[in-house]
Every structure is written in structure tokens, then in C-alpha cells.
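First comes the structure, then the notes that go with it.
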Amino acid sequence: MTERTFSIIKPDATKRNLTGKINAVIEEAGLRIVAQRRIRMTQEEAEDFYDVHRERPFYGELVEFMISEPVVVQVLEGENAVARYREVMGATNPAQAADGTIRKLFALSVGENSVHGSDSADNAKIEIAQFFDASDIVG
Ligand code: ATP
Ligand code: MG
């Protein structure tokens, strides 16, 4: 089943000029980048985006991190794109991420972990709609 997922190349990665290398891993995994924009997230956008983590101890740090440098927001399309991209990203903590995954290759820590990917098809729709108009996505 062809589906779409939402991805963010996070500040630790944009700062180190890793956008192209991460995109190469994404494309080699068979996912197509059908929309992409480099933005600076506002505090309000970051707070909204991570609202599910509002009560977690790292929430403030996470929001500060996400607005600290530009990010690249993306829509990825492919077969089972949500689950596929979770595989390609690897575990949240890079110390536990499998070889060849983006987080194993590039992440610095559990917080500065280089990429975000939606965790369900429903959340993918919500997250894509937060950052893209339908007409910005060219499949
Ligand atoms: P993401 O939602 O960014 O794709 P994930 O689904 O693997 O990552 P979540 O549990 O949803 O992980 O956590 C969201 C983000 O919050 C993580 O990607 C990471 O940047 C940050 N985070 C999670 N746990 C911690 C922690 N213990 N300390 C600091 N930051 C954390
Ligand atoms: Mg998550």
C-alpha cells in the first residue's frame, strides 16, 4: 500500500550540513521525497507539534532544541512509508539503533537524534497538514 509519512531533519543535522546525506539514505530506502521545505520552526509550532510530550520532563528542552536552528520538513511517499521510515530512522536512542539507520549513522544523543518520523498513518496526516498545503505535495 502506497502511503505518505511526515519527516523532519532536525537542528543537529541541518547544523552539521547533513541534509543531503540523510536524503540519500531516505531515497536509497525506496522512499520518495514528494515535498520538502527548510524552515525555522516557531516556538508555537514546536509546542503544538510535540504536544503529546507536554508532560514529559524533556519537553522544554525538546522545544528549545527544535527552534535552535533551521529544520527541513518533508513528506515521504512509498510502500508502507510510515513503518518503513521508522525502520530507516532506527531507535530513538542512537546507542540502540541498528547499523545503517539514520540515527546510527548521524545522531548525537537521544535528544539530538537527527530525524523525526510519524508513528502512525493518522498522525502522519495530522503532521503533514500542520506544515504543507495539499498543492505543495507533488507525488
Ligand atoms: P520522533 O517523534 O522525533 O520521531 P520517536 O518517536 O523515536 O522520535 P518519541 O518518544 O516520540 O521518539 O520522542 C520524541 C522526541 O523527543 C525524540 O525524537 C527525541 O528528540 C526527544 N526525546 C525523547 N526521549 C528523550 C529523552 N529521554 N531525553 C531528551 N529528549 C528525548
Ligand atoms: Mg515520536
Output for the range 2-15, where each listed residue is free of Cβ contacts under 8 Å to residues at least 60 places away in the same chain and of a type in the set (Lys, Arg): 15
Could you tell me whether any residue of the range 51-62 is within 14 Å of ligand 1 (Cβ to nearest atom), more than 11 Å from the chain's Cα centre (by Cα) and closer than 19 Å to residue 5 by Cα? yes
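Mind listing whichever residues of the range 80-93 are of a type outside the set (Asp, Glu) and within 15 Å of ligand 2 (Cβ to nearest atom)?
82, 83, 85, 86, 88, 89, 90, 91, 92, 93
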Selection from the range 90-118 of residues surrounded by 19 or more Cβ atoms within 10 Å (Cβ to Cβ) and part of a loop (DSSP other than H, G, I, E, B) yields 90, 97, 101, 107, 113, 114, 118
Are any residues in the range 119-139 away from ligand 2 (no atom under 16 Å from the Cβ), open to solvent by 60 Å² or more (accessible area, probe 1.4 Å) and in contact (Cβ under 8 Å) with a residue 40 or more places away in the chain, and if so, which ones? 136, 138, 139
Of everything in the range 96-127, what is touching a helix residue (DSSP H, G or I) at 6+ places or on another chain (Cβ under 9 Å) and aliphatic (A, V, I, L, M)? Give them in sequence order. 97, 98, 102, 105, 107, 108, 110, 115, 121, 124
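The values are calculated or read from the model by the stated rules, or taken from the named source; none is laboratory data. No experiment lies behind these values; they were computed from the predicted model shown. Every residue, glycine as well, gets a Cβ built from its backbone with ideal geometry; the counts of neighbours run over all protein chains shown. When the accessible area is computed, the model is the full protein with side chains, heavy atoms only, and any ligands, DNA or RNA have been set aside. Shrake-Rupley method; radii C 1.70, N 1.55, O 1.52, S 1.80 Å.
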